[in-house]
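Inspection log for the structure reproduced underneath, given as structure tokens.
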Amino acid sequence: MALLAVAASAVVVGVVYATRQDPPQPTARCKQGMKPYIVPGTPTGNVAAVRAAFARGPKGAAQALEPLALQAAKDPVVQFNYGTALFCAGFVADAESAYRAAKKAGRNTFYEIQADVVLHPQYFSQGYPPFVSESRDPLLVQGEIFQRAGHEDSAERVFARAARLHPHDDEAQVAAAVARFDMDDLSASFSRLGPLVRKFPRSQSVRFHLGLLLAWTGQRDQAIVEFRRTRALGATSRLGRQAATFLGSLVTTGTRNTPR
């Protein structure tokens, strides 16, 4: 998936492959070949077509997938891989459009997450930040399970329910904030998480997850501050230990290489 973590153009050009003029031809970008991104369990009837298209190389794949992408506008498997084919063929701006279509069509699947990652290479490239907890609350546990399965929308609904039922529980409120994460709209999470610092000033969960989101979005210096505060609130807890791990990586290598 390394080829996917690349800069996408900020301008979307709505010109289809078949209408492009020969001069100038874009330069292929994937020198080591490309592989389709297929997530088992995602509803689609087009896996075979995607694999067959990729066997034709970047430009052949982009050309083969173009009509299918028009027909299967709600199929994230098609849209995402069409974006990859376009990018590898050198049509970066059109690839952005396809990845955005994949993000929309792939709601509540890994395609939504991975498309967002590709569209925002300036952020951490390992998906979305997870909610981390030792709580045995069934709603929080279920939300974490949904997140690990790539079902971010389902997790958001479950976490939001927990927050409504437990308005004075710091972890429930943090979970609801983290689950709103969207690389296109960072305020969706930060606007909910920031005020929790004042509401729960001694909450290790608040400090840890604030640091996590800051690290995820490239705000290294402030992330270090929050992780140090997390560790100070309990170095031997699960969050304290994870904060120490993140601190080690942030201080020595920077955000994008931080282990999850």
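The values are calculated or read from the model by the stated rules, or taken from the named source; none is laboratory data. Bear in mind that the values here come from a model prediction, so they are computed numbers and not experimental data. All Cβ positions, glycine included, derive from the backbone under ideal geometry; neighbour counts span all protein chains shown. What goes into the accessible areas is simple: the full protein's heavy atoms, side chains included, and nothing from ligands, DNA or RNA. Shrake-Rupley method; radii C 1.70, N 1.55, O 1.52, S 1.80 Å.
Table for the structure above
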| item | result |
| --- | --- |
| Residues of segment 25-41 satisfying the condition of being open to solvent by less than 30 Å² (accessible area, probe 1.4 Å) and at pLDDT 95 or above | 39 |
| Single residue of 114, 126 found to be modelled with pLDDT under 95, farther than 17 Å from residue 68 by Cα and not acidic (Asp, Glu) | 126 |
| Some residue of segment 197-210 being in contact (Cβ under 8 Å) with a residue 60 or more places away in the chain and farther than 25 Å from residue 136 by Cβ | no |
| 3 or more residues surrounded by 15 or more Cβ atoms within 10 Å (Cβ to Cβ) and touching an Asp or Glu at 6+ places or on another chain (Cβ under 8 Å): qualifying helices (runs of 4 or more DSSP H) within segment 149-260 | 152-165, 170-178, 187-199, 204-216 |
| Number of positions in segment 89-106 that are part of a helix (DSSP H, G or I), surrounded by fewer than 24 Cβ atoms within 10 Å (Cβ to Cβ) and touching a residue at least 40 places away in the same chain (Cβ under 8 Å) | 5 |
| When residues of segment 128-148 are limited to those that are assigned to a loop (DSSP other than H, G, I, E, B) and among the hydrophobic types (A, V, I, L, M, F, W, C), the one nearest to residue 238 (Cα to Cα) | 132 |
| Selected residue (only one of 4, 65 is at pLDDT 50 or above, within 17 Å of residue 93 (Cβ to Cβ) and surrounded by 12 or more Cβ atoms within 10 Å (Cβ to Cβ)) | 65 |
| Verdict on residue 117 being touching a residue at least 40 places away in the same chain (Cβ under 8 Å) and in a helix (DSSP H, G or I) | yes |
| Answer from 45, 14 - the residue that is part of a loop (DSSP other than H, G, I, E, B), over 24 Å from residue 123 (Cβ atoms) and at pLDDT 65 or above | 45 |
| Test for residue 125: is it open to solvent by 10 Å² or more (accessible area, probe 1.4 Å) and within 30 Å of residue 237 (Cα to Cα) | yes |
| Hits in segment 216-244 (condition: in contact with a Leu (Cβ under 7 Å, 6 or more places away or on another chain) and within 16 Å of residue 179 (Cα to Cα)) | 217 |
| Selection within segment 51-70 - over 18 Å from residue 97 (Cα atoms) and either of a type in the set (S, T, N, Q) or assigned to a helix (DSSP H, G or I) (or both) | 51, 52, 53, 54, 57, 60 |
| Residue check for residue 80: open to solvent by less than 30 Å² (accessible area, probe 1.4 Å), part of a helix (DSSP H, G or I) and closer than 30 Å to residue 176 by Cα | yes |
